[in-house]
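Structure first, then comments.
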Amino acid sequence: MKKEWDVTDNMGNVHHITYKAGGFGGAKYTIDNDIYKCKSKNWFVMLADNRISMPGAECNLVVVGNSVRLAVNGVYLDDGTPYEPVRNLPGWVNVMVTVCGIVGFLGAGWIGLLLSVFVDMFSIKMCLKGKNGGAIALFVGFLILVGIWVACQVLFLL
C-alpha cells in the first residue's frame, strides 16, 4: 500500500510525502527523497504517529492498521477533521490478545484461533477509540464462549 501527499509550506515550497507499507523491511515514509523508518508502538497492529516538521507546516503522519492519514497544521487532509494524537494501547491488551489466541487454539482448534483474531481485531479498535470496557467485555465473552465449547465437548465425550 502506498499513499502520497503534496504539502506546501509558508515559503511556497512544495514537499512530497510518501508512505509505503513494507513487508520484511517494515513501513517507511519519504519526505523529499529522504527515507525514514516508521516504527509501530504496538506488537500486533501498526500504530504510529510521526511528527514531520517543515518551516511553517507541522505535519503528523498517522498510521492505524491499514489506515494512513496526514494532518497538516492540526487538520487531516482527507476529510478536514481536527487532528487527535493516536492513543497508545494499554499493556493489558497485548496480554489479552496473546491469551485469547492460545486459549482459542487449545480450546477449539483452528476455528478458535480464527475467532480470536476477529475478537482481537475489534477489541484493539475499541481500545484505540477509548472504549476499554467494551474491549474487556469482548475478551471475557470470548473466553466464556471457549469455556462453554470445551465443557460441551467434554460432556458429550463421556
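Just so it is clear, none of the values below were taken in a lab; they were calculated from the coordinates. This one's a predicted model, so the numbers in the text were calculated from it and none came from an experiment. Note: ideal-geometry Cβ built from the backbone for every residue, glycine included; neighbour counts use all protein chains shown.
Values for this structure:
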| read-out | value |
| --- | --- |
| Hypothetical label at N73: residues of segment 1-15 whose amide nitrogen lies under 19 Å (7 Å Cα-Cβ projection) | 5-15 |
| Dipole axis of the chain (+1 Lys, Arg; -1 Asp, Glu on Cβ), positive-most option in L89, A151, L138 | A151 |
| Extension gain (nm, one decimal) between I136 and D34, 0.36 nm per residue minus Cα-Cα | 32.6 nm |
| Cα gyration tensor category, rounded, prolate or oblate, for segment 91-157 with a/c compared to 1.5 | prolate |
| Label-point separation in nm, I144 to A21, each point 7 Å along Cα→Cβ | 3.4 |
| Isotropic mean projected area of the C-alpha convex hull, the chain (nm²) | 10.9 |
| Filtered trypsin sites (Lys or Arg not before Pro), segment 57-158: DSSP coil and at most 12 other beta carbons within 10 Å | K129 |
| Dipole magnitude (debye, nearest 20) for segment 1-133, charges at Cβ of Lys, Arg, Asp, Glu | 480 |
| Ranked packing of 146-153, 101-108, most packed first, by mean Cβ within 10 Å | 101-108, 146-153 |
| Pairs of lysines in segment 1-135 (C-alpha under 13 Å apart; 8 or more residues apart or interchain) | 9 |
| Helix 132-157 vs. the chain, principal-axis angle (Cα, 0 to 90°, nearest 10) | 30 |
